[in-house]
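Worksheet for the structure shown next.
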């Protein structure tokens, strides 16, 4: 047992020594040759702790990228990196790790983005959206081909959606949490909009989704906006509109 312990300790010490001292630029040169679709420019520091002025992957550009490896995760046979960068001139930071199961884990993921940019990236099936979105994920896990498990908060400030006309939705808060039934459960609410929004949505592991929202026009809501609501939500005697929908994201072509 002692020989095995010393052998494992020695291997880990060697890996740690090499990782700390290998120049990042030399590793990046080999990476660029093997993965030409990933390009890293102006790399400095070491593989353990370094930076790159720009990292380009298909369709995405990250600037001012800094990273450092998490030493404790090596003992659990997991690769882990803490990072910060700029994406579309907005800050992005957090911790990412992956283990033998090839499940990607995230922790303290924070990002900011213009809503219009998000709409273009995600090809959302709605009209033009505007406002500023901030993401604060306490944790997430995702395996290729599956539905991610999310826990955190999304805030959409000065939110608006324009289809026939612009609907000002105020400041929207979406609280994300997992459950035994669904990897994603969302509680939605807002303040200071032409519509008061309250309700829930969920996404199952089989990509089945359910949406249940109450939409209440406020004083600033126009008659045209109220008429538009009746196209997809059921009007109620008390003036509310109830939006209930369910289906499968794959059937919609979204996954």
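The values are calculated or read from the model by the stated rules, or taken from the named source; none is laboratory data. All of these numbers come straight from a predicted model, not from anything done at the bench. Methodologically, a virtual Cβ is constructed for each residue, glycine included, from the backbone with ideal geometry; neighbour enumeration extends over all protein chains shown.
Side notes on the structure shown:
- Hey, residue 150 buried (at least 17 other Cβ atoms within 10 Å of the Cβ), free of Cβ contacts under 8 Å to residues at least 40 places away in the same chain and either under 14 Å from the mean Cα position of the chain (by Cα) or on the phi > 0 side of the Ramachandran plot (or both) or not: yes
- Qualifying residues in the range 118-138 (those that are crowded, with 16+ Cβ neighbours inside 10 Å and closer than 22 Å to residue 65 by Cβ) - the one modelled with the lowest pLDDT: 118
- Per the listing 28, 65, 43, the residue uniquely modelled with pLDDT under 85, touching a strand residue (DSSP E or B) at 6+ places or on another chain (Cβ under 6 Å) and either closer than 30 Å to residue 89 by Cβ or in a strand (DSSP E or B) (or both) is 28.
- Listed conditions (1) at negative phi; (2) free of Cβ contacts under 8 Å to residues at least 60 places away in the same chain are all met by residue 158, apart from (1).
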